[in-house]
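Following: one structure in structure tokens, then a few remarks.
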Amino acid sequence: MPASHRDRLDVDLPHLLAVARGDAPADLVVRGGRVANVFTGEVLDADVAVAGGRIAAVGPGLDGAEIFDAGGGLLVPGLLDAHVHVESALVTPAQIARAVVPRGVTTLVTDPHEIANVCGLAGIRFMLADAARVPLSVLVNASSCVPASPLATSGATLEAADLARLLGEPDVLGLAEVMNFPGVVGGDPALLAKLAAFRGRPLDGHAPGLAGRRLDAYAATGISSDHESTSAEEAREKLRRGLAVFLRQATNARNLLDLLPAVDRWTERRICLCTDDRVPGDLLDEGSIDHLVRMAVGAGVEPMAALRMATLNTAEHFGLADRGAVAPGRRADLVLVRDLAGFRAEAVWIGGELVARDGEALFAAAGAADDAAVRDTVRLPPGIDFRIPAAGGTVRAIGLVRDQLVTEHLTLPARLEGGLAVADPARDLAKIVVVERHGRSGGVGRGFVRGLGLARGALAGTFAHDHHNLVAIGVDDRSMETAARAVAETGGGLAAADGERLLARLPLPIGGLMSDRPIEEVRRDLDRLLAAAHDLGSPLHDPFMAMSFLTLEVIPSLKLTDRGLVDVERFELVPLFV
């Protein structure tokens, strides 16, 4: 299989034209259905002829060597995910393909900055190589924030010159989400150099809560999108600045319904859909972009508008003129559904090849990508001290906000015992510790978090946005130590413990982020982990995903890294004790 998802369909233009004129039979004709035209908003009775993996003709009475009977169904373009971190599914690109392609998703625009923050360029190249094993188009935006900020320690650092080495990769589109928005607004030379290196290509944004003159400055750099709005008014302000707005429905950040009031006849063509971070259970049970289409239509969005936000809008935003519509010359990335409101894929074609039928993938992840460069990445300092010596009676605490990435900056009375500040489960106040695990500094950050709901025990993991150091949250030090040790023993992963008893564990040996097993097996292990976390008291949909974002120091308001507590509004470290 050729290396590039964008170039793998070599166009035999004379043959394509012959089929289009009717002078030669098509390779494939999907007959007896209707076609959703995303340009005009019409639904037309038409056949679709395919030649060399591209659409040659759309109309009545087409003939070909192979006929597929659509049975009156609706043929729509393959869905595009405008922004996704594959690593958040805890599996490799080849495995996520088996989950999303049967749902009708044919293209992912991904930012592999999770693995890049651990392994640098080697991590990005691993993702590209693994994606080449399957028909799903996995197109990469080069990770701009490795690390996300100077306030955390990552396993790698990528400067503008490093990222520029990716410009020759055919599946690299542009620059991924520029998360250090205070640095951009302030004119940080290193960030401006990255933007300059990718000038003329898509520049993705990440600007939660940014408004007014600071938003003007951010948009003035040429950054052209944002997926971090949490209200319709915030989305509208960004739309007014010319940014495309991506509506997100992730596992932990569920913003789609809140943002739909920003969709109208003027704004719709500037809006795309994205999943950002979704775990295996949500992908396999709810779906991917197909789930967002159903949600949007169910909430009152006109069905063809919802389809455009999932197809044509994203394709045009990223300059992918070869997909996003059922039209001559475009890739034959097609999905057969009964209707847009229900959006259930009965058949999926990528490049004219039938790759899924009735919810089942018709391909396997043949071969194996070389993953030697992305293993053995957990290098913890010897011995971890989870204790917090009391240095006052009042502490700053992270206030978890359910279904959002933003947090509250709380000031609470500390619970003191024997000269130590300790967790207070009666007030839903747990201890949180972040340990540098890349072998670079050995730093340990300590703090408190309210809102996870733990009544006993602890959770730990090496999936902690975006530095991916080891994070542990618990109500007693012994449980935290047990969970942390269990994670380290498997080269990274997730674990739940109660005292010295390990309740459940999910090994993630690839970068401490991804499993090398099938997505169905990963889902089963994650379900056991979630059941253990719920048994420990947490009411959250996915406490591990919520935990992973408590360390992301570029999303307001208060976060914890290996360097300590970060006041994101001030963009500086602040002491735990007030």
**Prompt:** If Leu151 satisfies every condition in (1) open to solvent by 10 Å² or more (accessible area, probe 1.4 Å); (2) in contact with a helix residue (DSSP H, G or I) (Cβ under 9 Å, 6 or more places away or on another chain); (3) among the hydrophobic types (A, V, I, L, M, F, W, C); (4) under 26 Å from Gly209 (Cβ atoms) but one, which is the exception?
**Reply:** (2)
**Message:** I need every pair where a residue in segment 18-32 that is closer than 18 Å to Asp333 by Cβ has its Cβ under 7 Å from the Cβ of a residue that is among the basic types (Lys, Arg) and buried (at least 19 other Cβ atoms within 10 Å of the Cβ), sequence separation at least 6 or different chains.
**Reply:** none
**Item:** Criterion: touching a helix residue (DSSP H, G or I) at 6+ places or on another chain (Cβ under 6 Å) and free of Cβ contacts under 8 Å to residues at least 60 places away in the same chain - qualifying residue of Ala531, Ala496
**Value:** Ala496
**Request:** Name the strands (runs of 3 or more DSSP E) wholly inside segment 108-208 in which the number of residues that are farther than 21 Å from Ser548 by Cβ and modelled with pLDDT of 95 or more is 3 or more.
**Result:** 137-142, 172-178
**Message:** Against the definition (assigned to a strand (DSSP E or B), of a type in the set (Gly, Ala, Ser) and free of Cβ contacts under 8 Å to residues at least 40 places away in the same chain), how does Ala65 come out, yes or no?
**Reply:** no
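Criterion first (in contact (Cβ under 8 Å) with a residue 24 or more places away in the chain, assigned to a strand (DSSP E or B) and more than 31 Å from the chain's Cα centre (by Cα)) does Leu410 satisfy it? Break it down stepwise before answering.
Values: in contact (Cβ under 8 Å) with a residue 24 or more places away in the chain: yes; assigned to a strand (DSSP E or B): yes; more than 31 Å from the chain's Cα centre (by Cα): no.
The answer is no for Leu410.
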**Asked** Which numbered condition trips up Ala497, out of (1) open to solvent by 20 Å² or more (accessible area, probe 1.4 Å); (2) modelled with pLDDT of 95 or more?
**Response** (1)
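With segment 431-489 as the region, which strands (runs of 3 or more DSSP E) entirely inside it contain at least 1 residues that are touching a helix residue (DSSP H, G or I) at 6+ places or on another chain (Cβ under 7 Å) and open to solvent by less than 10 Å² (accessible area, probe 1.4 Å)? Show your work before the answer.
Numbers: elements: 444-450, 458-461, 470-474.
Hits in segment 431-489: 458-461, 470-474.
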**Asked** For segment 7-60, how many residues meet the condition of being farther than 24 Å from Thr107 by Cα, open to solvent by 30 Å² or more (accessible area, probe 1.4 Å) and in a helix (DSSP H, G or I)?
**Response** 5
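Quickly run through segment 115-126 and pick out the residues that are crowded, with 24+ Cβ neighbours inside 10 Å and of a type in the set (A, V, I, L, M).
Quick first cut of segment 115-126, residues crowded, with 24+ Cβ neighbours inside 10 Å only: 115-119, 123-124, 126.
Selection gives Ile115, Ala116, Val118, Ile124.
Can you find, within segment 423-457, the residue that is nearest to Pro150 (Cα to Cα) among those that are among the hydrophobic types (A, V, I, L, M, F, W, C) and free of Cβ contacts under 8 Å to residues at least 40 places away in the same chain? Give the derivation first.
Kept after step one, since they are among the hydrophobic types (A, V, I, L, M, F, W, C), are these residues of segment 423-457: 423, 426, 429-430, 432-435, 444, 448-449, 452, 454-455.
From the residues that got through so far, the ones that are free of Cβ contacts under 8 Å to residues at least 40 places away in the same chain too are 426, 429.
Details: Ala426: 35, Leu429: 28 Å.
Checked segment 423-457; the qualifying residue nearest to Pro150 (Cα to Cα) is Leu429.
Table: residues versus (1) more than 17 Å from the chain's Cα centre (by Cα); (2) open to solvent by less than 40 Å² (accessible area, probe 1.4 Å).
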site	(1), (2)
Val146	no, yes
Gly155	yes, yes
Leu163	yes, yes
Gly168	yes, no
Val172	no, yes
Leu175	no, yes
Pro182	yes, yes
Gly186	yes, no
**Complete set of residues in segment 288-304 that are touching a helix residue (DSSP H, G or I) at 6+ places or on another chain (Cβ under 8 Å) and farther than 16 Å from Ala99 by Cβ** = Val293, Met295, Ala296, Val297, Ala299, Gly300, Val301, Pro303
**Message:** For segment 196-215: of the residues being farther than 13 Å from Ala142 by Cα and open to solvent by less than 20 Å² (accessible area, probe 1.4 Å), which is nearest to the chain's Cα centre (by Cα)?
**Reply:** His206
**Prompt:** Residues of segment 260-297 being surrounded by 22 or more Cβ atoms within 10 Å (Cβ to Cβ), in a helix (DSSP H, G or I) and more than 18 Å from the chain's Cα centre (by Cα), which ones?
**Reply:** Ala262, Ala296
**Prompt:** If you go through segment 124-137 one residue at a time, do you hit one that is touching a residue at least 24 places away in the same chain (Cβ under 8 Å) and on the phi > 0 side of the Ramachandran plot?
**Reply:** no
**Message:** Within segment 221-232, does at least one residue satisfy the condition of being over 24 Å from the mean Cα position of the chain (by Cα), small (Gly, Ala, Ser) and over 25 Å from Phe549 (Cα atoms)?
**Reply:** no
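Does Thr251 satisfy the condition of being modelled with pLDDT under 95, in a loop (DSSP other than H, G, I, E, B), crowded, with 23+ Cβ neighbours inside 10 Å and in contact with a helix residue (DSSP H, G or I) (Cβ under 7 Å, 6 or more places away or on another chain)?
Numbers: modelled with pLDDT under 95: yes; in a loop (DSSP other than H, G, I, E, B): yes; crowded, with 23+ Cβ neighbours inside 10 Å: yes; in contact with a helix residue (DSSP H, G or I) (Cβ under 7 Å, 6 or more places away or on another chain): yes.
Judged against the criteria, Thr251 is a match.
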**Item:** Where a residue in segment 258-275 is without any contact (Cβ under 8 Å) to a residue 40 or more places away in the chain and on the phi < 0 side of the Ramachandran plot and its partner, wherever it lies, is hydrophobic (A, V, I, L, M, F, W, C) and crowded, with 24+ Cβ neighbours inside 10 Å, with Cβ under 6 Å and at least six apart
**Value:** Leu259/Ala235; Leu259/Leu247; Ala262/Ala235
**Request:** Read through the list (1) crowded, with 24+ Cβ neighbours inside 10 Å; (2) in contact with a helix residue (DSSP H, G or I) (Cβ under 6 Å, 6 or more places away or on another chain), then give the number of the only condition that Ala193 fails.
**Result:** (1)
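Return the only residue of Ala390, Ala397 being among the aliphatic types (A, V, I, L, M), crowded, with 24+ Cβ neighbours inside 10 Å and more than 24 Å from the chain's Cα centre (by Cα). Quick ask: steps written out before the conclusion?
Details: Ala390 fails: crowded, with 24+ Cβ neighbours inside 10 Å.
Sole residue among the options that is among the aliphatic types (A, V, I, L, M), crowded, with 24+ Cβ neighbours inside 10 Å and more than 24 Å from the chain's Cα centre (by Cα): Ala397.
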**Asked** Conditions: (1) among the aliphatic types (A, V, I, L, M); (2) in contact with a helix residue (DSSP H, G or I) (Cβ under 6 Å, 6 or more places away or on another chain); (3) in contact (Cβ under 8 Å) with a residue 40 or more places away in the chain. Leu502 meets all but one. Number of the miss?
**Response** (3)
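The values are calculated or read from the model by the stated rules, or taken from the named source; none is laboratory data. These numbers come from a predicted model, not from an experiment. Note that we place each Cβ from the backbone using ideal geometry, even for glycine, and neighbour counts take in every protein chain shown. All accessible areas refer to the heavy atoms of the entire protein, side chains included, with ligands and DNA or RNA removed. Shrake-Rupley method; radii C 1.70, N 1.55, O 1.52, S 1.80 Å.
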